[in-house]
Amino acid sequence: MTTSNLQVFDIKRFSTHDGHGIRTTVFFKGCPLRCKWCQNPEGLLPKRQVLYMENKCIHCLSCVHTCQKHGVRFLKDKILLDRNALEDWDKIIDACPTRALQFDSSSYSVSELIQEIKKDESFFRYGGGVTISGGEPFLQPEGLLSLLSACKEEGIHTAIETSLYVDQEWIQKALPTLDQIYADCKVFDSTKHKEWTGVDNSKILENIRYLLTSDKKDQVIIRTPLIPTMTATQENIGQIAAFLSSIYPQTHYEILNYNPLAKSKYAYLDMDYCFEENPKLYSPEVMESFYRVAKENGIQNLIIE
Ligand code: SF4
């Protein structure tokens, strides 16, 4: 078992959307993509960051008085952070009485994570297990492989949620220890993919082809999140569906409705969200039109929740 530590920004228990049964989902920190709509902006950077929750702040100014290098200032009735300042952030966070300031992640050894996961093992007997999500789990590849092996030694069902923006050798190494693989295919057009996610999609498409021709192809679920004006076009869904069905017509494909909840997290990190006015969920009629396009382009196993 590796002694290297894993940076984790959340452990969500009793999840029912990230694999079979009731899941414990472990979110690895760090992602090579920069999707404009990212639902977990706290998972983007590999290193830990400071979160500031204005709604919990009582303006006691303990943080301002504790800081040494102007990392926290009080200006025009607002607490302002310079997260790059070389401060003793542990000390500043300890000084906050309301936990308005917090680190966004923690470091765990594989053994510590297994202990956390095993707290829920009574649920795993009924078809659940652990799901590794992120960020991008493969950005911490050696720790990921060790954690997956340790889960299998404990008889725990394993799933992963990945962007597939990873060298194929790591997928090959992980595959024997994975029971379910959720992978995104966000945008088929390579120019638009680069514009909206920050990276080229050729590596992702190659890895999808690899998975859908592997002996685990029936355990793979390809997903497209619907993002208004970006991924949510009939043309994009049609192109993705045609690509998947040309490789394996029985591909399990899921089209995810837009999630309007992500916006609130951006304020905690002083980041801008891609929509000034948050769009709403798509109606069942609009979802049906996307399902129709996927089926018309050869998808036989459409997942509809
Ligand atoms: S210490 Fe916490 S509660 Fe007090 S001003 Fe700073 S962030 Fe707000």
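Within this structure, TYR52 passes the test of being within 11 Å of the ligand (Cβ to nearest atom), under 22 Å from the mean Cα position of the chain (by Cα) and closer than 23 Å to GLY134 by Cα.
Among the conditions (1) hydrophobic (A, V, I, L, M, F, W, C); (2) in a loop (DSSP other than H, G, I, E, B); (3) more than 16 Å from the ligand (Cβ to nearest atom), the only one that ILE58 does not satisfy is (3). The set of residues in segment 253-305 that are closer than 17 Å to THR224 by Cα, modelled with pLDDT of 85 or more and among the acidic types (Asp, Glu) comprises GLU254, GLU288, GLU296. Among the residues of segment 19-32, those that are part of a loop (DSSP other than H, G, I, E, B) and surrounded by 21 or more Cβ atoms within 10 Å (Cβ to Cβ) comprise GLY19, LYS29, CYS31. For TYR258, the conditions (1) more than 30 Å from LYS295 (Cα to Cα); (2) touching a strand residue (DSSP E or B) at 6+ places or on another chain (Cβ under 9 Å); (3) aromatic (Phe, Trp, Tyr) are fulfilled apart from (1). Does TYR165 satisfy the condition of being touching a strand residue (DSSP E or B) at 6+ places or on another chain (Cβ under 8 Å) and either of a type outside the set (A, V, I, L, M) or in a loop (DSSP other than H, G, I, E, B) (or both)? No: the conditions fail for TYR165. Please pick out the residue among THR197, THR224, THR231 that is touching a helix residue (DSSP H, G or I) at 6+ places or on another chain (Cβ under 7 Å), in contact (Cβ under 8 Å) with a residue 40 or more places away in the chain and surrounded by 19 or more Cβ atoms within 10 Å (Cβ to Cβ). Answer to the check: THR224.
Beta carbons closer than 6 Å, at least 6 apart along the sequence or on distinct chains, pair a first residue in segment 51-67 that is in the same structural domain as LYS78 (by TED's automatic domain parsing) and more than 13 Å from LYS78 (Cβ to Cβ) with a second that is of a type in the set (Ser, Thr, Tyr) and within 6 Å of the ligand (Cβ to nearest atom) for LYS56/THR98; ILE58/THR98. Tallying residues that are within 11 Å of the ligand (Cβ to nearest atom) and surrounded by 13 or more Cβ atoms within 10 Å (Cβ to Cβ) within segment 62-72 yields 6.
All conditions in (1) in contact with a strand residue (DSSP E or B) (Cβ under 9 Å, 6 or more places away or on another chain); (2) at pLDDT 95 or above hold for GLU235, with the sole exception of (1).
The values are calculated or read from the model by the stated rules, or taken from the named source; none is laboratory data. Just so it is clear, the structure is predicted and the values come from calculations on it, not from any experiment. In this analysis, Cβ positions are derived from the backbone assuming ideal geometry, glycine residues included, and neighbour counts consider all displayed protein chains.
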